[in-house]
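Enquirer: Below is one structure. I have some questions about it.
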Amino acid sequence: MPRLMIAGISGGSGKTLVSLGLLLLLRQAGVEVRAFKKGPDYIDAAWLNWASGGPVRNLDTFLMGTDGARSSFVQHGAVAGINLIEANRGLFDGFDALGTHSSAVLAEALDAPVVLVINATKMTRSAAAVVLGCQKLDPKLSIRGVILNSVNGHRHEQVLRASIESICGVPVLGAIPRASVNPVPERHLGLVPPPEHSGMAQIERDVLQLVEGKIDLDAVLAIARSAPPLDEAVVQAPRLPDGHGLRIGFLKDSAFSFYYSESLEQVERSGAELVAISALEAQQLPEDLHALYIGGGFPETHAEALAHNQSMLRSLREAADAGMPIYAECGGLILLSRALFWKGARYKMASVFPFDVEVFDTAQGHGYVELVVDRENPFFPLGTILRGHEFHYSRIVPLADYGSTACAVRRGTGCSNGRDAVITNNVWAGYTHLHALATPEWVQGMISAAHKFASVAVTPGRSL
(Lines give C-alpha, C1' and ligand atoms only; values in the text may rest on other atoms or scores of the structure.)
Protein backbone atom coordinates (compact mmCIF):
# COMPACT_ATOMS: atom_id res chain seq x y z
CA MET A 1 0.00 0.00 0.00
CA PRO A 2 2.12 2.96 -1.21
CA ARG A 3 1.66 5.80 1.27
CA LEU A 4 3.06 8.96 2.75
CA MET A 5 2.10 11.54 5.34
CA ILE A 6 2.16 15.25 4.54
CA ALA A 7 2.99 16.97 7.83
CA GLY A 8 3.86 20.44 9.07
CA ILE A 9 5.52 22.09 12.03
CA SER A 10 2.32 23.88 13.02
CA GLY A 11 -1.11 24.77 11.77
CA GLY A 12 -0.89 27.17 8.84
CA SER A 13 2.29 25.66 7.41
CA GLY A 14 0.62 24.90 4.09
CA LYS A 15 0.19 21.13 4.41
CA THR A 16 -3.43 21.27 3.20
CA LEU A 17 -2.43 23.28 0.12
CA VAL A 18 0.39 20.81 -0.61
CA SER A 19 -1.91 17.83 -0.05
CA LEU A 20 -4.56 19.25 -2.40
CA GLY A 21 -1.93 20.08 -5.00
CA LEU A 22 -0.39 16.62 -4.85
CA LEU A 23 -3.75 14.88 -5.15
CA LEU A 24 -4.72 16.99 -8.16
CA LEU A 25 -1.32 16.45 -9.83
CA LEU A 26 -1.42 12.68 -9.20
CA ARG A 27 -4.92 12.36 -10.61
CA GLN A 28 -3.85 14.43 -13.60
CA ALA A 29 -1.00 11.95 -14.11
CA GLY A 30 -3.44 9.02 -14.04
CA VAL A 31 -2.44 7.73 -10.59
CA GLU A 32 -5.16 6.28 -8.37
CA VAL A 33 -5.31 8.22 -5.11
CA ARG A 34 -6.94 7.78 -1.72
CA ALA A 35 -6.89 10.50 0.91
CA PHE A 36 -6.95 10.30 4.71
CA LYS A 37 -7.02 12.99 7.37
CA LYS A 38 -5.33 12.59 10.72
CA GLY A 39 -7.51 13.72 13.57
CA PRO A 40 -11.14 14.67 14.03
CA ASP A 41 -11.45 17.18 11.20
CA TYR A 42 -14.34 17.89 8.84
CA ILE A 43 -13.24 20.88 6.78
CA ASP A 44 -9.81 19.71 5.61
CA ALA A 45 -11.36 16.29 4.97
CA ALA A 46 -14.01 17.90 2.74
CA TRP A 47 -11.26 19.55 0.68
CA LEU A 48 -9.34 16.29 0.43
CA ASN A 49 -12.56 14.64 -0.73
CA TRP A 50 -12.84 17.23 -3.49
CA ALA A 51 -9.22 16.89 -4.60
CA SER A 52 -9.10 13.08 -4.45
CA GLY A 53 -12.52 12.49 -5.97
CA GLY A 54 -13.47 9.94 -3.32
CA PRO A 55 -14.47 9.49 0.33
CA VAL A 56 -11.93 10.61 2.92
CA ARG A 57 -11.37 8.62 6.10
CA ASN A 58 -10.37 10.17 9.40
CA LEU A 59 -7.68 8.34 11.36
CA ASP A 60 -7.24 9.14 15.04
CA THR A 61 -5.58 7.02 17.70
CA PHE A 62 -7.38 8.80 20.56
CA LEU A 63 -10.80 8.07 19.13
CA MET A 64 -10.31 4.60 17.65
CA GLY A 65 -7.01 3.34 19.07
CA THR A 66 -3.88 2.47 17.12
CA ASP A 67 -5.28 -0.84 15.85
CA GLY A 68 -8.57 0.79 14.85
CA ALA A 69 -6.82 3.51 12.86
CA ARG A 70 -4.53 0.99 11.18
CA SER A 71 -7.47 -1.29 10.36
CA SER A 72 -9.46 1.55 8.81
CA PHE A 73 -6.47 2.59 6.70
CA VAL A 74 -5.88 -0.93 5.38
CA GLN A 75 -9.58 -1.47 4.73
CA HIS A 76 -10.04 1.73 2.72
CA GLY A 77 -6.60 2.34 1.21
CA ALA A 78 -5.52 1.71 -2.38
CA VAL A 79 -3.29 -1.33 -2.86
CA ALA A 80 -1.59 -0.09 -6.03
CA GLY A 81 -2.26 3.65 -6.03
CA ILE A 82 -1.02 6.34 -3.66
CA ASN A 83 -2.48 6.82 -0.19
CA LEU A 84 -1.95 10.35 1.10
CA ILE A 85 -2.43 11.08 4.79
CA GLU A 86 -2.66 14.73 5.76
CA ALA A 87 -1.41 15.33 9.31
CA ASN A 88 -3.00 17.83 11.68
CA ARG A 89 -1.44 20.69 13.66
CA GLY A 90 2.31 20.23 14.14
CA LEU A 91 3.85 16.81 13.52
CA PHE A 92 4.46 16.13 17.24
CA ASP A 93 1.46 18.00 18.69
CA GLY A 94 -0.85 15.62 20.49
CA PHE A 95 -2.86 14.90 23.59
CA ASP A 96 -0.19 16.04 26.07
CA ALA A 97 3.42 17.19 26.48
CA LEU A 98 4.61 13.76 25.32
CA GLY A 99 2.78 14.14 22.00
CA THR A 100 0.45 11.22 22.68
CA HIS A 101 -1.95 10.68 19.74
CA SER A 102 0.06 13.05 17.52
CA SER A 103 0.50 12.79 13.76
CA ALA A 104 3.95 11.32 14.42
CA VAL A 105 2.36 8.50 16.43
CA LEU A 106 -0.04 7.77 13.56
CA ALA A 107 2.79 7.82 11.00
CA GLU A 108 4.71 5.24 13.03
CA ALA A 109 1.58 3.10 13.47
CA LEU A 110 1.13 3.04 9.68
CA ASP A 111 4.86 2.78 8.83
CA ALA A 112 4.27 5.83 6.66
CA PRO A 113 7.14 7.94 5.30
CA VAL A 114 6.78 11.60 6.22
CA VAL A 115 7.21 14.62 3.97
CA LEU A 116 7.54 17.86 5.95
CA VAL A 117 6.02 21.08 4.68
CA ILE A 118 8.02 24.09 5.90
CA ASN A 119 6.62 27.61 5.74
CA ALA A 120 9.77 29.40 4.61
CA THR A 121 8.55 32.95 5.23
CA LYS A 122 11.50 35.07 6.46
CA MET A 123 13.63 31.95 7.02
CA THR A 124 16.75 30.44 5.42
CA ARG A 125 19.24 28.21 7.29
CA SER A 126 16.93 28.07 10.31
CA ALA A 127 14.70 25.81 8.23
CA ALA A 128 17.43 23.16 8.44
CA ALA A 129 17.41 23.50 12.24
CA VAL A 130 13.67 22.87 12.25
CA VAL A 131 13.98 19.75 10.09
CA LEU A 132 16.96 18.50 12.09
CA GLY A 133 15.03 19.01 15.32
CA CYS A 134 12.22 16.81 14.01
CA GLN A 135 14.72 14.12 13.03
CA LYS A 136 16.40 14.18 16.44
CA LEU A 137 13.19 14.34 18.46
CA ASP A 138 12.03 10.98 17.12
CA PRO A 139 14.72 9.06 15.20
CA LYS A 140 12.27 6.20 14.55
CA LEU A 141 10.17 8.48 12.38
CA SER A 142 10.90 8.16 8.67
CA ILE A 143 11.24 11.78 7.48
CA ARG A 144 12.02 11.35 3.80
CA GLY A 145 11.72 14.79 2.27
CA VAL A 146 10.78 18.44 2.57
CA ILE A 147 8.49 20.68 0.54
CA LEU A 148 9.07 24.40 0.97
CA ASN A 149 6.06 26.69 1.02
CA SER A 150 5.86 30.46 0.55
CA VAL A 151 9.29 30.77 -1.04
CA ASN A 152 10.33 34.29 -2.02
CA GLY A 153 12.19 33.73 -5.27
CA HIS A 154 14.97 31.58 -6.75
CA ARG A 155 17.79 32.75 -4.47
CA HIS A 156 15.68 32.13 -1.36
CA GLU A 157 14.94 28.62 -2.60
CA GLN A 158 18.60 27.85 -3.34
CA VAL A 159 19.76 28.85 0.16
CA LEU A 160 16.96 26.84 1.79
CA ARG A 161 17.59 23.81 -0.39
CA ALA A 162 21.36 23.80 0.18
CA SER A 163 20.98 24.21 3.95
CA ILE A 164 18.42 21.45 4.43
CA GLU A 165 20.01 18.90 2.11
CA SER A 166 23.56 19.38 3.44
CA ILE A 167 22.67 19.45 7.14
CA CYS A 168 19.71 17.05 7.32
CA GLY A 169 20.49 14.63 4.52
CA VAL A 170 16.97 14.65 3.10
CA PRO A 171 15.95 16.00 -0.31
CA VAL A 172 13.90 19.12 -0.90
CA LEU A 173 11.12 17.77 -3.12
CA GLY A 174 9.60 21.07 -4.08
CA ALA A 175 9.36 24.79 -3.55
CA ILE A 176 6.02 26.56 -3.80
CA PRO A 177 6.24 30.32 -4.37
CA ARG A 178 4.60 32.82 -2.07
CA ALA A 179 1.03 33.44 -3.20
CA SER A 180 -0.46 36.91 -3.05
CA VAL A 181 -3.87 35.35 -2.32
CA ASN A 182 -4.60 31.97 -0.74
CA PRO A 183 -6.42 29.94 -3.42
CA VAL A 184 -8.43 28.26 -0.67
CA PRO A 185 -10.14 30.99 1.44
CA GLU A 186 -10.20 30.86 5.25
CA ARG A 187 -12.39 32.16 8.07
CA HIS A 188 -12.94 31.61 11.81
CA LEU A 189 -12.93 27.77 11.98
CA GLY A 190 -10.34 27.35 9.21
CA LEU A 191 -10.90 26.88 5.50
CA VAL A 192 -14.27 27.71 3.99
CA PRO A 193 -15.87 24.31 3.13
CA PRO A 194 -16.26 23.37 -0.56
CA PRO A 195 -20.11 23.33 -0.46
CA GLU A 196 -20.04 27.10 0.13
CA HIS A 197 -18.05 27.80 -3.05
CA SER A 198 -19.56 28.31 -6.49
CA GLY A 199 -16.22 28.59 -8.29
CA MET A 200 -14.54 25.26 -7.55
CA ALA A 201 -13.21 24.96 -11.11
CA GLN A 202 -11.34 28.23 -10.66
CA ILE A 203 -9.94 27.09 -7.30
CA GLU A 204 -8.66 23.92 -8.97
CA ARG A 205 -6.93 25.99 -11.66
CA ASP A 206 -5.41 28.29 -9.03
CA VAL A 207 -4.06 25.41 -6.91
CA LEU A 208 -2.60 23.65 -9.95
CA GLN A 209 -1.03 26.87 -11.21
CA LEU A 210 0.68 27.29 -7.83
CA VAL A 211 2.10 23.74 -7.58
CA GLU A 212 2.52 22.55 -11.18
CA GLY A 213 6.20 22.21 -12.03
CA LYS A 214 7.13 23.14 -8.47
CA ILE A 215 7.13 19.61 -6.94
CA ASP A 216 9.19 16.59 -8.02
CA LEU A 217 6.25 14.23 -8.47
CA ASP A 218 8.46 11.25 -9.42
CA ALA A 219 10.41 11.61 -6.18
CA VAL A 220 7.19 11.83 -4.16
CA LEU A 221 5.89 8.67 -5.86
CA ALA A 222 9.15 6.86 -5.13
CA ILE A 223 8.96 7.75 -1.44
CA ALA A 224 5.36 6.56 -1.19
CA ARG A 225 6.18 3.30 -2.96
CA SER A 226 9.14 2.65 -0.67
CA ALA A 227 6.83 2.16 2.33
CA PRO A 228 7.09 -1.38 3.75
CA PRO A 229 4.22 -3.88 3.48
CA LEU A 230 1.47 -3.21 5.99
CA ASP A 231 -0.54 -5.95 7.68
CA GLU A 232 -4.03 -5.20 8.91
CA ALA A 233 -4.53 -5.06 12.66
CA VAL A 234 -7.12 -7.55 13.84
CA VAL A 235 -10.02 -5.50 15.16
CA GLN A 236 -13.29 -7.09 16.22
CA ALA A 237 -15.92 -5.31 14.15
CA PRO A 238 -18.92 -4.28 16.26
CA ARG A 239 -22.15 -6.03 15.47
CA LEU A 240 -24.50 -3.69 13.68
CA PRO A 241 -28.14 -3.47 14.76
CA ASP A 242 -30.91 -4.31 12.29
CA GLY A 243 -32.18 -1.07 10.78
CA HIS A 244 -34.25 -2.50 7.94
CA GLY A 245 -37.51 -0.64 7.43
CA LEU A 246 -36.26 2.54 9.09
CA ARG A 247 -35.87 5.94 7.42
CA ILE A 248 -33.31 8.15 9.10
CA GLY A 249 -32.97 11.72 7.91
CA PHE A 250 -29.90 13.95 8.09
CA LEU A 251 -29.59 17.63 7.28
CA LYS A 252 -27.14 18.03 4.41
CA ASP A 253 -26.40 21.37 2.76
CA SER A 254 -23.86 24.19 2.95
CA ALA A 255 -25.06 25.07 6.47
CA PHE A 256 -24.76 21.51 7.81
CA SER A 257 -21.94 19.51 6.24
CA PHE A 258 -19.95 18.07 9.16
CA TYR A 259 -20.49 14.33 8.83
CA TYR A 260 -18.00 11.47 8.87
CA SER A 261 -18.34 9.15 5.88
CA GLU A 262 -18.06 6.16 8.20
CA SER A 263 -20.92 7.33 10.43
CA LEU A 264 -23.37 7.63 7.55
CA GLU A 265 -22.11 4.36 6.06
CA GLN A 266 -22.68 2.51 9.33
CA VAL A 267 -26.29 3.66 9.37
CA GLU A 268 -26.76 2.39 5.82
CA ARG A 269 -25.00 -0.89 6.59
CA SER A 270 -27.53 -1.52 9.33
CA GLY A 271 -30.16 -1.62 6.61
CA ALA A 272 -31.74 1.75 7.39
CA GLU A 273 -32.48 4.20 4.59
CA LEU A 274 -30.66 7.53 4.81
CA VAL A 275 -32.63 10.56 3.67
CA ALA A 276 -30.69 13.77 2.90
CA ILE A 277 -32.62 16.97 3.67
CA SER A 278 -31.69 20.60 3.08
CA ALA A 279 -32.53 22.87 6.01
CA LEU A 280 -32.17 25.81 3.61
CA GLU A 281 -34.44 24.66 0.78
CA ALA A 282 -36.88 22.02 2.11
CA GLN A 283 -40.08 23.40 3.60
CA GLN A 284 -40.54 20.55 6.05
CA LEU A 285 -39.18 17.19 7.08
CA PRO A 286 -40.24 14.28 4.86
CA GLU A 287 -43.07 12.11 6.11
CA ASP A 288 -42.36 8.75 7.70
CA LEU A 289 -38.97 9.59 9.14
CA HIS A 290 -38.11 7.54 12.20
CA ALA A 291 -35.13 9.59 13.40
CA LEU A 292 -33.12 12.68 12.45
CA TYR A 293 -29.39 13.39 12.62
CA ILE A 294 -28.22 17.03 12.54
CA GLY A 295 -24.46 17.38 12.23
CA GLY A 296 -22.28 20.42 12.65
CA GLY A 297 -21.52 23.14 10.17
CA PHE A 298 -21.92 26.87 9.85
CA PRO A 299 -25.49 27.85 10.73
CA GLU A 300 -24.18 31.30 11.70
CA THR A 301 -23.12 32.13 8.13
CA HIS A 302 -26.54 30.94 6.93
CA ALA A 303 -28.49 32.39 9.85
CA GLU A 304 -30.70 34.70 7.79
CA ALA A 305 -31.74 31.94 5.37
CA LEU A 306 -32.39 29.46 8.20
CA ALA A 307 -34.45 31.99 10.16
CA HIS A 308 -36.44 32.84 7.03
CA ASN A 309 -37.40 29.18 6.49
CA GLN A 310 -40.03 29.24 9.22
CA SER A 311 -41.90 26.23 7.86
CA MET A 312 -38.83 24.01 8.29
CA LEU A 313 -38.19 25.37 11.77
CA ARG A 314 -41.81 24.64 12.66
CA SER A 315 -41.49 21.12 11.21
CA LEU A 316 -38.42 20.47 13.39
CA ARG A 317 -40.25 21.69 16.47
CA GLU A 318 -43.30 19.55 15.71
CA ALA A 319 -41.14 16.47 15.10
CA ALA A 320 -39.46 16.96 18.47
CA ASP A 321 -42.84 17.43 20.17
CA ALA A 322 -44.09 14.23 18.51
CA GLY A 323 -41.23 12.27 20.10
CA MET A 324 -39.04 11.75 17.05
CA PRO A 325 -35.47 10.88 18.10
CA ILE A 326 -33.23 13.77 17.03
CA TYR A 327 -29.45 13.63 17.52
CA ALA A 328 -27.80 17.04 17.09
CA GLU A 329 -24.12 18.00 17.25
CA CYS A 330 -22.81 21.56 17.64
CA GLY A 331 -24.40 23.34 14.65
CA GLY A 332 -27.43 21.14 15.20
CA LEU A 333 -27.66 22.41 18.77
CA ILE A 334 -27.71 25.97 17.42
CA LEU A 335 -30.52 25.13 14.99
CA LEU A 336 -32.63 23.63 17.78
CA SER A 337 -32.10 26.60 20.11
CA ARG A 338 -34.54 29.48 20.54
CA ALA A 339 -32.35 32.03 18.78
CA LEU A 340 -28.85 32.62 17.42
CA PHE A 341 -26.92 35.80 18.18
CA TRP A 342 -24.13 36.66 15.74
CA LYS A 343 -22.44 39.94 14.89
CA GLY A 344 -25.01 41.99 16.76
CA ALA A 345 -28.06 40.40 15.14
CA ARG A 346 -30.62 37.94 16.52
CA TYR A 347 -32.03 35.14 14.35
CA LYS A 348 -34.95 32.95 15.37
CA MET A 349 -34.24 29.22 15.34
CA ALA A 350 -36.48 26.17 15.89
CA SER A 351 -37.12 26.71 19.65
CA VAL A 352 -36.91 23.01 20.48
CA PHE A 353 -34.86 24.17 23.49
CA PRO A 354 -35.71 27.29 25.53
CA PHE A 355 -32.26 28.87 25.36
CA ASP A 356 -30.29 31.13 23.03
CA VAL A 357 -26.84 30.56 21.53
CA GLU A 358 -24.25 33.24 20.76
CA VAL A 359 -21.29 32.96 18.37
CA PHE A 360 -18.12 34.67 19.62
CA ASP A 361 -14.88 35.76 17.98
CA THR A 362 -12.79 33.17 19.83
CA ALA A 363 -13.13 29.44 20.35
CA GLN A 364 -15.34 28.44 23.30
CA GLY A 365 -14.31 24.79 23.18
CA HIS A 366 -11.60 23.03 21.18
CA GLY A 367 -9.98 19.62 21.45
CA TYR A 368 -10.61 16.03 22.49
CA VAL A 369 -13.59 15.28 24.68
CA GLU A 370 -14.42 12.42 27.03
CA LEU A 371 -17.93 12.11 28.41
CA VAL A 372 -19.64 9.77 30.85
CA VAL A 373 -23.34 9.16 30.31
CA ASP A 374 -24.81 9.52 33.80
CA ARG A 375 -28.47 10.41 33.17
CA GLU A 376 -31.31 8.79 31.25
CA ASN A 377 -31.47 9.68 27.56
CA PRO A 378 -32.85 8.26 24.29
CA PHE A 379 -29.55 7.05 22.80
CA PHE A 380 -26.97 5.67 25.25
CA PRO A 381 -27.07 3.37 28.29
CA LEU A 382 -25.97 4.78 31.63
CA GLY A 383 -22.25 4.42 32.19
CA THR A 384 -21.29 4.63 28.50
CA ILE A 385 -17.95 6.36 27.91
CA LEU A 386 -17.99 8.61 24.84
CA ARG A 387 -14.76 9.79 23.22
CA GLY A 388 -15.10 12.59 20.71
CA HIS A 389 -13.99 16.12 19.95
CA GLU A 390 -15.30 19.69 19.91
CA PHE A 391 -14.49 22.88 18.03
CA HIS A 392 -17.05 25.62 18.56
CA TYR A 393 -17.07 29.39 18.70
CA SER A 394 -20.57 29.41 20.16
CA ARG A 395 -22.01 28.80 23.60
CA ILE A 396 -25.38 28.74 25.30
CA VAL A 397 -26.32 32.11 26.83
CA PRO A 398 -26.82 32.71 29.61
CA LEU A 399 -24.99 29.77 31.14
CA ALA A 400 -27.10 29.66 34.29
CA ASP A 401 -29.85 27.14 33.47
CA TYR A 402 -30.09 25.43 30.10
CA GLY A 403 -32.02 22.32 31.14
CA SER A 404 -31.38 18.63 31.75
CA THR A 405 -28.14 17.13 30.45
CA ALA A 406 -27.10 13.52 29.89
CA CYS A 407 -23.32 13.59 30.33
CA ALA A 408 -20.58 14.58 32.73
CA VAL A 409 -17.51 16.00 30.98
CA ARG A 410 -14.26 14.30 32.01
CA ARG A 411 -12.23 16.17 29.41
CA GLY A 412 -13.24 19.18 27.34
CA THR A 413 -15.81 21.96 27.64
CA GLY A 414 -19.14 20.65 26.38
CA CYS A 415 -22.10 22.91 27.08
CA SER A 416 -20.16 24.27 30.12
CA ASN A 417 -20.37 23.68 33.88
CA GLY A 418 -18.90 20.21 33.37
CA ARG A 419 -21.92 18.98 31.41
CA ASP A 420 -22.83 18.18 27.80
CA ALA A 421 -25.79 16.86 25.80
CA VAL A 422 -28.95 18.81 26.60
CA ILE A 423 -32.02 16.58 26.59
CA THR A 424 -35.68 17.22 25.95
CA ASN A 425 -38.20 14.52 25.02
CA ASN A 426 -36.24 12.30 22.57
CA VAL A 427 -33.81 15.03 21.50
CA TRP A 428 -30.07 15.06 22.26
CA ALA A 429 -28.08 18.22 21.49
CA GLY A 430 -24.46 18.68 22.50
CA TYR A 431 -21.13 20.12 21.41
CA THR A 432 -19.32 16.77 21.20
CA HIS A 433 -18.84 15.18 17.77
CA LEU A 434 -18.68 11.39 17.68
CA HIS A 435 -17.20 9.03 15.09
CA ALA A 436 -19.17 5.82 14.48
CA LEU A 437 -16.09 3.57 14.18
CA ALA A 438 -14.76 4.96 17.46
CA THR A 439 -18.17 4.88 19.18
CA PRO A 440 -20.25 1.97 17.81
CA GLU A 441 -22.82 2.72 20.54
CA TRP A 442 -23.87 5.74 18.48
CA VAL A 443 -25.29 3.66 15.60
CA GLN A 444 -26.83 1.22 18.04
CA GLY A 445 -28.50 4.09 19.88
CA MET A 446 -29.80 5.74 16.71
CA ILE A 447 -31.31 2.51 15.38
CA SER A 448 -32.78 1.53 18.75
CA ALA A 449 -34.39 4.94 19.26
CA ALA A 450 -35.72 4.91 15.68
CA HIS A 451 -37.28 1.47 16.20
CA LYS A 452 -39.02 2.63 19.36
CA PHE A 453 -40.43 5.67 17.59
CA ALA A 454 -41.50 3.58 14.57
CA SER A 455 -43.43 1.25 16.87
CA VAL A 456 -45.63 4.07 18.17
CA ALA A 457 -45.75 6.37 15.11
CA VAL A 458 -48.87 6.43 12.97
CA THR A 459 -47.99 5.32 9.44
CA PRO A 460 -48.31 5.72 6.53
CA GLY A 461 -48.77 9.45 5.86
CA ARG A 462 -48.07 10.48 9.42
CA SER A 463 -48.41 14.23 9.76
CA LEU A 464 -46.11 15.79 12.32
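Enquirer: Is there a residue being part of a strand (DSSP E or B), of a type in the set (F, W, Y) and open to solvent by 10 Å² or more (accessible area, probe 1.4 Å) anywhere in the stretch 387-400?
Expert: Taking every residue of the stretch 387-400 in turn, at least one turns out to be part of a strand (DSSP E or B), of a type in the set (F, W, Y) and open to solvent by 10 Å² or more (accessible area, probe 1.4 Å).
Enquirer: Another question about this same structure. Can you pull out the residues in the stretch 170-211 that are closer than 17 Å to H154 by Cα, β-branched (V, I, T) and modelled with pLDDT under 90?
Expert: none
Enquirer: Next question, about the same structure. Look through E281, E265, E273 and report the one residue that is open to solvent by 30 Å² or more (accessible area, probe 1.4 Å), of a type in the set (D, E, K, R) and under 30 Å from V115 (Cβ atoms).
Expert: Result of the check over E281, E265, E273: E265.
Enquirer: Looking at (1) open to solvent by 50 Å² or more (accessible area, probe 1.4 Å); (2) within 21 Å of the chain's Cα centre (by Cα), can you tell me which one L382 breaks?
Expert: Among (1) open to solvent by 50 Å² or more (accessible area, probe 1.4 Å); (2) within 21 Å of the chain's Cα centre (by Cα), L382 violates only (2).
Enquirer: Filter the stretch 419-460 down to the residues that are out of contact with any strand residue (DSSP E or B) (no Cβ under 8 Å at 6 or more places or on another chain) and either without any contact (Cβ under 8 Å) to a residue 40 or more places away in the chain or charged (D, E, K, R) (or both) and list them by number.
Expert: K452, S455, V458
Enquirer: Is it true that some residue in the stretch 344-353 is open to solvent by 30 Å² or more (accessible area, probe 1.4 Å) and without any contact (Cβ under 8 Å) to a residue 24 or more places away in the chain?
Expert: Within the stretch 344-353, one or more residues are open to solvent by 30 Å² or more (accessible area, probe 1.4 Å) and without any contact (Cβ under 8 Å) to a residue 24 or more places away in the chain.
Enquirer: Also, I was wondering about something else. Yes or no: the stretch 233-256 includes at least one residue that is over 30 Å from H290 (Cβ atoms) and of a type in the set (K, R).
Expert: Checking the stretch 233-256: not a single residue is over 30 Å from H290 (Cβ atoms) and of a type in the set (K, R).
Enquirer: Give the number of residues within the stretch 50-65 that are part of a helix (DSSP H, G or I), over 16 Å from M5 (Cα atoms) and open to solvent by 10 Å² or more (accessible area, probe 1.4 Å).
Expert: So the count comes out to 4.
Enquirer: Could you tell me which numbered condition E287 fails, if it satisfies all but one of (1) modelled with pLDDT of 95 or more; (2) open to solvent by 20 Å² or more (accessible area, probe 1.4 Å)?
Expert: (1)
Enquirer: Another question, if that's okay. Considering the stretch 93-142 alone, what residues qualify as being among the aliphatic types (A, V, I, L, M), crowded, with 22+ Cβ neighbours inside 10 Å and not in a helix (DSSP H, G or I)?
Expert: Answer for the stretch 93-142, where residues must be among the aliphatic types (A, V, I, L, M), crowded, with 22+ Cβ neighbours inside 10 Å and not in a helix (DSSP H, G or I): L110, A112, V114, V115, L116, V117, I118, A120.
Enquirer: Now a separate question. How many residues does the stretch 1-44 contain that are touching a strand residue (DSSP E or B) at 6+ places or on another chain (Cβ under 6 Å) and without any contact (Cβ under 8 Å) to a residue 24 or more places away in the chain?
Expert: 0
The values are calculated or read from the model by the stated rules, or taken from the named source; none is laboratory data. This is a predicted model, so every value here is computed, not measured. Quick reminder, even Gly has a Cβ in these numbers, built from the backbone with ideal geometry, and neighbours come from all protein chains shown. Surface areas here come from the heavy atoms of the whole protein model, side chains and all, with no ligands, DNA or RNA. Shrake-Rupley method; radii C 1.70, N 1.55, O 1.52, S 1.80 Å.
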